[in-house]
Amino acid sequence: MRRVLLALTCLTCLLVAWLPAAHAQSVPTGSDAGVLVLGRVSDDPKSHYDQLKPLLDYVIPRMAVVGVRSGRILMAKDLQQMSSYLRRGRVDWINETAGNAAVLEQRGVAHSFLITERDGAAHYHSVFFVRRDSPVQSLKDLAGHSVAFQSPYSTSAYFLPANTLLEQGQSLELLLSPMDKPAPDRVGYVFARTELNVTTWVHKRLVDAGVLSNLDWINPGRMPPAFAQDFRIIGRTQDVPRALMLARTGLEPKVEARLREVLQEAASDPVAGEALRRFMDTGHFVPISAGDRRALEALAKGVQRVRTEVE
């Protein structure tokens with residue numbers, strides 16, 4: 001009996017010694033005291049690291065007043081993984097499109113705190129276009145026709161236009177290829193992968209209509225002038241913020257407040273010029289207005305509707 005008690009005592013001591021170490025190993029990376037982690041959903045980590053690193057290097061020294069000593073970058077392969085990182089505190093702040101920001105806010109893992117202005121534009125919308133000789137005159141005429149979206153992750157070339165079609169009373173049907181045809185009472189859609197493919201497929205009559213952001217519409221690299229002269233716009237969506245900075249739920253308020261301050265002041269700091277340029281040609285970080293909040297709330301409902309009724 002004495003041997004059994006002695007063995008149990010030793011086992012208890014071992015467990016007590018082990019528990020703190022095990023707990024320390026499970027502490028999320030982003031919650032390390034003094035470390036601020038910048039995240040990114042990426043299919044090209046090396047390229048995106050080169051975009052993020054200069055901004056991180058600019059921000060971190062200016063966060064010392066709130067106890068931040070160093071910074072790290074953590075990539076996620078998709079939005080699901082990023083949601084997990086944010087929920088577990090492994091990522092502290094990220095930059096995302098309005099559609100993805102709406103999803104993350106819906107999940108309660110992050111909240112938007114600034115708009116990212118790129119190439120002089122803080123907001124954008126989607127435009128629907130067809131060939132000039134197309135019989136389609138408006139969005140209501142798209143039933144029985146095909147539309148090329150860019151990507152199932154795109155705000156301006158999927159979520160926004162798909163929801164706009166649903167609001168118009170249309171039903172959407174995923175097509176097997178550009179050659180496939182939808183039912184007469186449905187709008188068929190395919191993903192073209194790139195903006196240039198969208199314009200090319202419409203121009204070559206592989207699909208009846210295409211969707212781009214208004215910024216891509218005037219970009220000759222995505223809308224070749226030789227194509228543009230043969231197109232006309234038949235509809236558009238509401239405006240939404242082009243991109244947003246988000247902080248994870250639970251980030252210390254003083255850290256978030258200082259981060260917002262540093263980012264907003266960066267546009268007037270010559271030292272930040274190169275970092276902003278490399279960060280996807282960012283010009284300014286601007287506050288989110290009440291109108292922007294309403295647009296994001298509407299977009300969140302639209303994203304949910306697309307995922308429920310279309311996907």
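The values are calculated or read from the model by the stated rules, or taken from the named source; none is laboratory data. This one's a predicted model, so the numbers in the text were calculated from it and none came from an experiment. Glycine gets a Cβ as well: all are built from the backbone with ideal geometry, and neighbour counts include every protein chain shown.
Conditions (1) of a type outside the set (A, V, I, L, M); (2) closer than 21 Å to VAL310 by Cβ, marked per residue:
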{"residue": "LEU52", "(1), (2)": "no, no"}
{"residue": "ALA76", "(1), (2)": "no, no"}
{"residue": "ALA102", "(1), (2)": "no, yes"}
{"residue": "ASP133", "(1), (2)": "yes, no"}
{"residue": "ALA143", "(1), (2)": "no, yes"}
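Name every residue in the range 178-212 that is closer than 12 Å to SER151 by Cβ and of a type in the set (Gly, Ala, Ser), in order of residue number.
Scanning the range 178-212 gives a single hit, ALA192.
For MET75, are the conditions met, namely being of a type outside the set (Asp, Glu), assigned to a helix (DSSP H, G or I) and buried (at least 19 other Cβ atoms within 10 Å of the Cβ)?
Answer is no for this residue.
Go through the range 188-197 and count every residue that is part of a loop (DSSP other than H, G, I, E, B) and crowded, with 20+ Cβ neighbours inside 10 Å. Outline the logic, then answer.
Within the range 188-197, the subset part of a loop (DSSP other than H, G, I, E, B) is 192-194.
So of that shortlist, the ones also crowded, with 20+ Cβ neighbours inside 10 Å come out as 192.
Number of matching residues: 1.
Please work out which residue is nearest to ALA295 (Cα to Cα), limiting yourself to the range 218-241 and to residues that are assigned to a loop (DSSP other than H, G, I, E, B) and among the charged types (D, E, K, R).
Applying the first criterion (assigned to a loop (DSSP other than H, G, I, E, B)) to the range 218-241 yields 218-224, 229-230, 237-239.
Now restrict to residues that are among the charged types (D, E, K, R): 222, 230, 239.
On the way: ARG222: 26, ASP230: 32, ASP239: 8 Å.
If we take residues in the range 218-241 being assigned to a loop (DSSP other than H, G, I, E, B) and among the charged types (D, E, K, R), then ASP239 is nearest to ALA295 (Cα to Cα).
Are any of the residues in the range 117-135 of a type in the set (Asp, Glu), part of a loop (DSSP other than H, G, I, E, B) and at negative phi?
The answer is yes, given that some residue of the range 117-135 is of a type in the set (Asp, Glu), part of a loop (DSSP other than H, G, I, E, B) and at negative phi.
Name the pairs whose Cβ atoms lie under 6 Å apart, with the first residue in the range 42-55 and more than 21 Å from SER154 (Cβ to Cβ) and in the same structural domain as TYR85 (by TED's automatic domain parsing), the second modelled with pLDDT of 90 or more and part of a helix (DSSP H, G or I), and 6 or more positions between them or separate chains?
As it stands, the answer is PRO54/ALA275; PRO54/ARG278; LEU55/ALA275, since those pairs meet every condition given.
Run MET280 past the list (1) assigned to a helix (DSSP H, G or I); (2) in the same structural domain as MET63 (by TED's automatic domain parsing); (3) of a type in the set (A, V, I, L, M) and report the number of the one that doesn't hold.
It fails just one condition, (1).
Report, by residue number, each residue of the range 198-218 that is within 20 Å of ASP133 (Cα to Cα), surrounded by fewer than 23 Cβ atoms within 10 Å (Cβ to Cβ) and out of contact with any Phe, Trp or Tyr (no Cβ under 9 Å at 6 or more places or on another chain).
Correct list: TRP201, LYS204, ARG205, LEU206.
Please go through the range 273-311 and give me each residue that is charged (D, E, K, R) and touching a Lys or Arg at 6+ places or on another chain (Cβ under 8 Å), ordered by number. Steps first, answer last, please.
First, the residues of the range 273-311 that are charged (D, E, K, R): 274, 277-278, 281, 292-294, 297, 301, 305, 307, 309, 311.
ASP281, the sole residue that qualifies.
Contact list please: Cβ distance under 8 Å, first residue in the range 255-271 and assigned to a helix (DSSP H, G or I), second residue of a type in the set (Gly, Ala, Ser) and surrounded by fewer than 19 Cβ atoms within 10 Å (Cβ to Cβ), pairs at least six apart or on different chains.
Sorted first by the residue in the range 255-271, then by its partner, the pairs are VAL255/GLY67.
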